[in-house]
Amino acid sequence: MSLSMFDLTGKTAVVTGAGRGLGRAMAIGLASCGANVVCAARTKSEIEVTVAEIKAAGGNAIAVVTDITKTADCEAAVKAAVVSFGGIDIMVANAAAGIHGPAKGMPDSDWDRVLEVGLTGYFKCARAAGEQMIAQGRGGSIIGLSANSSVVGYEGLTAVGAAKGGLDQMCRTLAVEWGSHQIRVNTVNPGYTEHVPEYGDVSPGAGGDIDEGVRMMTPMQRRGRVDEFIGPVVFLASDASSYVTGTNMMVDGGYVVK
């Protein structure tokens, strides 16, 4: 095995939600491995910062203002990859509505927004990328940023858990549908990370202290660092995972196994 399997030189990635948090880290990480990157998000100023950092390190990137709930925006981000870099090889769908709270009394608008962004928006990204990859005829990798709330319960995350569970199944199904085109579809499922807002009671014995709850329930006894999600995404984007599809990769310090 050679480390060249992880080399993304000559490949082009679209990363949504690339202006902050995990999306920004993944965009920079993919670029550091040689990929051209289309940085997509709703806030122009944020993705321009990501692009500037990539270029300062010698990489290639462009910023495209994108709202993943809009089909035309998802298609435009993919088209920008084609026009600027000759095609698309990697789609990283990453965004969140940032809405959480108890199911009792949850407004319909909150439920609808979480599903609109966290499931329907991801489908629109995947569909736009998949159609272009099929047309190109050279395969590709589609990666959805899910969460371990897709397989375990968290208080206050009914809508988010439903969206992420749907995303996991959507990716498994697309892996079947597009496998003959050599398009791989997988998810990365983070647990508690340093940038995540405070929500949920992860352990009744934690006395309301979220970080103590994380330590109690996570075998590695800490939150994940943002940069610890770059490696899994690069793996799934690269030839190192050429026979991996339909997988939900938990990156949560072992939370779901405890």
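For the reader, a short list of remarks on this structure follows.
- For the stretch 1-43, a residue qualifies if it is at pLDDT below 95 and not in a helix (DSSP H, G or I), and the qualifying residues are M1, S2, R20.
- Residues of the stretch 114-127 classified as closer than 14 Å to L157 by Cβ and more than 14 Å from the chain's Cα centre (by Cα), total: 2
- Pairs are defined by a Cβ separation below 6 Å, a sequence spacing of at least 6 or placement on different chains, a first member in the stretch 238-253 that is assigned to a loop (DSSP other than H, G, I, E, B), and a second member that is among the β-branched types (V, I, T) and modelled with pLDDT under 95; the pairs so defined are G253/T218.
- D73 closer than 21 Å to L167 by Cα, without any contact (Cβ under 8 Å) to a residue 40 or more places away in the chain and surrounded by 17 or more Cβ atoms within 10 Å (Cβ to Cβ): yes
- One residue alone among V78, V51 is more than 17 Å from the chain's Cα centre (by Cα) and touching a residue at least 12 places away in the same chain (Cβ under 8 Å), and that residue is V51.
- Residue, farthest from A128 (Cα to Cα), within the stretch 153-194, restricted to residues that are assigned to a helix (DSSP H, G or I) and among the basic types (K, R): K164
- Only one of K124, K104, K79 that is of a type in the set (K, R), closer than 26 Å to I210 by Cα and either at pLDDT 95 or above or out of contact with any helix residue (DSSP H, G or I) (no Cβ under 9 Å at 6 or more places or on another chain) (or both): K104
The values are calculated or read from the model by the stated rules, or taken from the named source; none is laboratory data. Computed from a predicted model, the values in this text were never measured in an experiment. Glycine gets a Cβ as well: all are built from the backbone with ideal geometry, and neighbour counts include every protein chain shown.
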